[in-house]
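**Q** Have a look at this one before I ask anything.
The values are calculated or read from the model by the stated rules, or taken from the named source; none is laboratory data. On a predicted model such as this, the values are computed, not experimentally measured, just so you know. A quick note on method: Cβ atoms are made from the backbone with ideal geometry, for glycine too, and the neighbour counts reach across all protein chains shown. The accessibility values were calculated without ligands, DNA or RNA, using every heavy atom of the protein model including side chains. Shrake-Rupley method; radii C 1.70, N 1.55, O 1.52, S 1.80 Å.
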Amino acid sequence: AHLVESGGGLVQPGGSLRLSCAASGTLFSINTMGWYRQAPGKERELVAHITSGGRKNYADSVKGRFTISRDYVKNTVYLQMNSLKPEDAAVYYCNYATALNDYWGQGTQVSVSS
């Protein structure tokens with residue numbers, strides 16, 4: 001699978017951004033698509049993911065502020081990020097996971113600063 005991300009940028013605290021990730025190539029009917037992030041000096045962490053069956057999971061730090069969704073026809077996953085905080089700043093990576101493989105996007109920078 002090949003993943004192409006878009007939607008990162010600079011936003012003020014309290015602002016919103018929407019990330020998109022389109023998957024192409026060899027895809028599998030059973031999969032999980034999601035977003036991870038990595039801030040400088042920190043490990044990559046799960047932000048949210050959604051299974052091919054529609055089950056969603058969020059990191060506690062983003063619950064109530066971020067919403068993950070999928071367009072199954074377009075093989076695209078979205079992350080709507082509201083009420084952004086400075087601690088949300090990181091490189092956000094799209095992930096496509098199957099039982100056998102993990103695929104990653106190139107990453108998109110999200111900066112939160114006044």
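**Q** R0 = 35 Å: FRET efficiency of Ser114 with Val73, Cβ-based, nearest 0.05? Don't skip to the answer; put the middle values down first.
**A** On the way: r = 39 Å, r/R0 = 1.10.
Efficiency for this residue pair is about 0.35.
**Q** May I ask you to derive the relative contact order of the range 1-75, considering only C-alpha pairs under 8 Å and at least 6 residues apart, and to give it as an integer percent? Each step should come with its number before you reach the end.
**A** Details: 90 pairs, mean separation 16.6, N = 75.
22 percent.
**Q** With a cut-off of 8 Å between alpha carbons and a minimum separation of six or more residues, what is the relative contact order of the range 32-86 in percent?
**A** Working: 74 pairs, mean separation 14.0, N = 55.
Contact order relative to length: 25 percent.
**Q** Where only protein heavy atoms count, and the probe is 1.4 Å, what is the accessible area per residue for the chain in Å²?
**A** On the way: 6140 Å² over 114 residues.
With the other protein chains kept in place, the chain gives 54 Å² per residue.
**Q** Once the convex hull of the C-alpha atoms of the chain is built, how many Å³ does it hold per residue, rounded to a whole number? Display every interim value, and only then the final one.
**A** Working: hull volume 10.6 nm³, N = 114.
Given the Cα convex hull of the chain, per-residue volume reads 93 Å³.
**Q** On to the next question. Can you check what the net charge comes to around His49, using other residues whose Cβ is under 11 Å from the Cβ of His49 (Lys, Arg +1; Asp, Glu -1)? Don't skip to the answer; put the middle values down first.
**A** Working: positive: Arg55, Lys56, Arg70; negative: none.
For residues surrounding His49, the net value is +3.
**Q** Something else: Under a Cβ-only charge scheme (Lys and Arg +1, Asp and Glu -1), can you give me the dipole magnitude of the range 42-114 about the Cα centre, in debye to the nearest 20?
**A** Working: 9 positive and 7 negative charges, 45 e Å.
Result for the range 42-114 is approximately 220 debye, rounded to the nearest 20.
**Q** Follow-up question, since we're still on this one. Using a 1.4 Å probe over the heavy atoms of the protein chains, calculate the carbon and sulfur portion of the accessible area of the chain as a whole percent.
**A** Working: 3030 of 6140 Å².
Carbon and sulfur atoms account for 49 percent of the accessible area of the chain.
**Q** Along the range 69-77, what does the Karplus equation 6.51 cos²θ - 1.76 cosθ + 1.60 (θ = phi - 60°) give for ³J(HN,Hα), rounded to whole Hz, x for Gly and Pro?
**A** 8, 9, 10, 6, 6, 8, 6, 10, 10
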